[in-house]
Every structure is written in structure tokens, then in C-alpha cells.
1. Looking only at residues in the stretch 38-55 that are outside any helix (DSSP H, G or I) and aliphatic (A, V, I, L, M), which one is least open to solvent (accessible area, probe 1.4 Å)?
2. Might you check whether a residue that is without any contact (Cβ under 8 Å) to a residue 40 or more places away in the chain and not in a helix (DSSP H, G or I) occurs anywhere in the stretch 22-36?
3. What's the total number of residues in the stretch 1-52 that are polar (S, T, N, Q), out of contact with any Leu (no Cβ under 7 Å at 6 or more places or on another chain) and within 20 Å of residue 66 (Cα to Cα)?
4. Looking only at the stretch 1-19, how many residues end up being of a type in the set (S, T, N, Q) and either outside any helix (DSSP H, G or I) or open to solvent by 90 Å² or more (accessible area, probe 1.4 Å) (or both)?
5. Tally time: how many residues in the stretch 39-51 are under 16 Å from residue 3 (Cβ atoms) and within 26 Å of the chain's Cα centre (by Cα)?
6. Looking at the stretch 1-17, I want the residues that are over 21 Å from residue 62 (Cα atoms) and have a partner that is in a helix (DSSP H, G or I) and among the polar types (S, T, N, Q) with Cβ atoms under 8 Å, at least 6 apart or on another chain. Which pairs are those?
7. Tell me, yes or no, whether the stretch 20-37 has at least one residue that is touching a Pro at 6+ places or on another chain (Cβ under 9 Å) and open to solvent by less than 70 Å² (accessible area, probe 1.4 Å).
8. Among the residues of the stretch 57-69, is any buried (at least 17 other Cβ atoms within 10 Å of the Cβ) and either in contact with a Cys (Cβ under 6 Å, 6 or more places away or on another chain) or not in a helix (DSSP H, G or I) (or both)?
Amino acid sequence: MEWSLTHFWLILALVLSLAELTSGVLLLLALGVAAALTALVAFLGAPFEWQLVAMGVLSGILVPVAIRWIRPRFSPKGWPMAPPVPAWSTAGVITPCSGILTAPPVSRSMAIFTG
């Protein structure tokens with residue numbers, strides 16, 4: 001059996017798709033699908049430069065689709081939640097957009113000690 005670029009793209013697709021099992025973000029799965037579709041382009045006889053273009057274009061399309069539209073449908077309700085505001089945040093600082101000074105949010109633990 002002679003190895004070709006089609007085999008390379010299929011092996012890359014398999015490795016990326018299997019690596020997705022460790023992350024769960026669907027990014028690697030989208031790249032794996034893009035690599036599999038690039039293997040189809042290689043099978044059709046496109047030169048290596050066009051295979052790279054196909055991989056770039058397919059990745060540019062499939063990664064945002066996977067992250068923006070597919071991942072939220074498979075995630076728990078309310079995910080991703082915004083992280084809590086840390087105590088060292090700039091919530092009470094005047095910004096050029098606000099024009100007024102606002103007090104930073106008071107956490108429950110701070111409210112207990114201040115009365």
C-alpha cells in the first residue's frame with residue numbers, strides 16, 4: 001500500500017477527533033471534520049497548496065459553527081456562566097464611558113463584617 005496525502009489527512013482527522021474526547025469543547029472535533037473533508041479534496045486530486053487552502057477555509061467555517069451554534073445545544077442550561085467579580089476588579093473605577101463613580105458590588109461576606 002502506498003501512502004498518500006489522503007491518508008495523512010484522514011489520520012489527522014482521526015487524531016483530532018479522538019483528542020476531542022479529552023477536551024469537550026467541540027473545537028478539535030470541528031478541526032477533525034475539516035481534516036476529513038480536506039482528505040476528500042486530496043482524493044479528488046487537488047495539489048497540496050489547494051489542500052491547505054481547503055483546510056484553512058473549512059476550519060474557518062466549521063470552528064465558529066461548532067462553538068457558536070452546536071456547543072450551546074449540547075451544554076447544560078445556563079452554561080457558560082459569568083465568573084464572579086473578584087475583589088480586585090475595577091468595578092468602582094471611573095471609566096471614560098461611564099462619567100460617574102459607581103460603588104463596587106458588595107459580596108455577602110463583606111456585608112456581614114460591615115454591619
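1. Filtering the stretch 38-55 for residues outside any helix (DSSP H, G or I) gives 44-47.
Keeping just the survivors that are aliphatic (A, V, I, L, M) gives 44, 46.
Details: 44: 136, 46: 29 Å².
Filtering the stretch 38-55 for residues that are outside any helix (DSSP H, G or I) and aliphatic (A, V, I, L, M), the one least open to solvent (accessible area, probe 1.4 Å) comes out as 46.
2. Yes, some residue in the stretch 22-36 is without any contact (Cβ under 8 Å) to a residue 40 or more places away in the chain and not in a helix (DSSP H, G or I).
3. 2
4. Of the residues in the stretch 1-19, the ones of a type in the set (S, T, N, Q) are 4, 6, 17.
Going one step further and asking which of them are either outside any helix (DSSP H, G or I) or open to solvent by 90 Å² or more (accessible area, probe 1.4 Å) (or both), we end up with 4.
The total comes to 1.
5. Summing the residues that are under 16 Å from residue 3 (Cβ atoms) and within 26 Å of the chain's Cα centre (by Cα) in the stretch 39-51 gives 2.
6. From residues that are over 21 Å from residue 62 (Cα atoms), the pairs are 5/51.
7. First, the residues of the stretch 20-37 that are touching a Pro at 6+ places or on another chain (Cβ under 9 Å): 30.
Checking which are open to solvent by less than 70 Å² (accessible area, probe 1.4 Å) leaves us with 30.
There is at least one residue in the stretch 20-37 that is touching a Pro at 6+ places or on another chain (Cβ under 9 Å) and open to solvent by less than 70 Å² (accessible area, probe 1.4 Å).
8. no
The values are calculated or read from the model by the stated rules, or taken from the named source; none is laboratory data. In this text, all values refer to a predicted model and were calculated from it rather than measured experimentally. Every residue, glycine among them, receives a Cβ derived from its backbone with ideal geometry; neighbour counts consider all protein chains shown. Note: areas computed on protein heavy atoms with side chains; ligands, DNA, RNA excluded. Shrake-Rupley method; radii C 1.70, N 1.55, O 1.52, S 1.80 Å.
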